[in-house]
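Only one structure is covered here, and it is reproduced in the block below.
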Amino acid sequence: MTTSRMVSEYTRVSDDAAILCKRKDFPRAMNVLQRRDPDRRRWRLAFRTVAWSSDKGVEGARRNWIEAALKEVVQGVSDRRLRGELAIDAAEFNTAWDVGSVLPAYTARDLWRFAEKVDLPMQYLAMVTELPKAIQAPIHTARVIADCRRTSEAHRELALKISADVPTSAVIEEVRGTLDRRVALKLAEMRGQQEAARRWRELAHQLFGAGQ
């Protein structure tokens, strides 16, 4: 085993990528991604760091090289689900990179069909993600999934916040018919936020998984 290989195995890929991106040494940061075996934790974090930092720190002709290198990295990942997650990561950080067609291609009509399955009106989707004006036009699948997940997490956090005002005995009291009205309202509000979180999460899952 060469010394360079030993060093690469005993250093964290996420740390190496972060240091090189801080120095704006993006070619070497890309090499770090290419040399290491991809996984869903540190390597994925390294990819996110390189994608975001290079999008903010590279201009002009160098952007073409970076985009081609990122696309090559993503396309080279054998795990289909991880490839999809990388595309979503790039969209979540609002980068301009095109990492290739690694997620299913949908139109706004397809999205409407998926949304109906989970009882989410299209006007709600229009409030949280960018949609094309024409119903037959394609959507940016990765960005829509990222926005659905973000919305789901926001509802989940609201549910957790509301739960602080709901006593642990609330469900038992509800069954017995002795639940205080104020607590009943809080319980209903918490459940509403949990259900909203579930619907948005399920929509993201449908969009991600339908083509897997």
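No value in this document is a laboratory result; all are computed from the given coordinates. Quick caveat: nothing in here was measured; it's all calculated off a predicted structure. Virtual Cβ from ideal backbone geometry, glycine too; neighbours counted across all protein chains shown.
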Review point. Going by the alpha-carbon gyration tensor, a ≥ b ≥ c the square roots of its eigenvalues, is the stretch 84-212 rounded (a/c under 1.5) or, if a/c is not under 1.5, prolate (a/b greater than b/c) versus oblate?
Key: prolate
Review point. Around Asp39, which amide H atoms from residues at least 5 apart in sequence, or from another chain, sit under 5 Å from its own amide H, with H modelled in the peptide plane?
Key: Arg44
Review point. Relative contact order of the chain: what whole-number percent is it, with Cα pairs under 8 angstrom and at least 6 residues apart?
Key: 17
**Study point:** Highest-first arrangement of 25-34, 116-125, 142-151, where packing means the average Cβ count within 10 Å
**Key:** 142-151, 25-34, 116-125
Revision key, fill the gap. Inter-part gap, Cα centre of the stretch 35-49 to Cα centre of the stretch 105-125, in whole angstrom, is 32
Point to revise | Extension gain from Ser101 to Asp39, taking 0.36 nm per residue of separation minus the Cα-Cα distance | key: 20.3 nm
Exercise for review: Tabulate in residue order the Karplus-calculated ³J(HN,Hα) for the stretch 105-119, using 6.51 cos²θ - 1.76 cosθ + 1.60 with θ = phi - 60°, rounded to whole Hz; enter x for Gly and Pro.
Suggested key: 8, 10, 9, 4, 5, 4, 4, 4, 5, 5, 5, 5, 5, 10, 6
Point to revise | Cut-off under 5 Å, modelled amide H: who pairs with Thr107 long-range | key: Ile139
Review point. Short version: ³J(HN,Hα) in whole Hz for each residue of the stretch 31-46, in order, from phi by Karplus 6.51 cos²θ - 1.76 cosθ + 1.60 (θ = phi - 60°), x for Gly and Pro, what are they?
Key: 4, 4, 4, 6, 7, 8, 6, x, 9, 8, 10, 5, 5, 5, 4, 4
Study note, to complete from the structure: Looks like the stretch 3-92, by Cα gyration tensor root eigenvalues a ≥ b ≥ c and the a/c under 1.5 rounded cutoff (else prolate when a/b is bigger than b/c, oblate otherwise), is oblate
**Study point:** Order by protection proxy (mean Cβ within 10 Å, highest first), peptides 195-205, 166-176
**Key:** 195-205, 166-176
**Study point:** Karplus 3J(HN,Hα) series, Hz, for the stretch 54-60 with 6.51 cos²θ - 1.76 cosθ + 1.60 (x for Gly, Pro)
**Key:** 5, 5, 7, x, 10, 10, x
Revision key, fill the gap. The aspartates and glutamates whose Cα lies under 18 Å from the Cα of Lys56, excluding any fewer than 8 residues away in the same chain, are Asp25, Glu67, Asp89, Glu92, Asp98
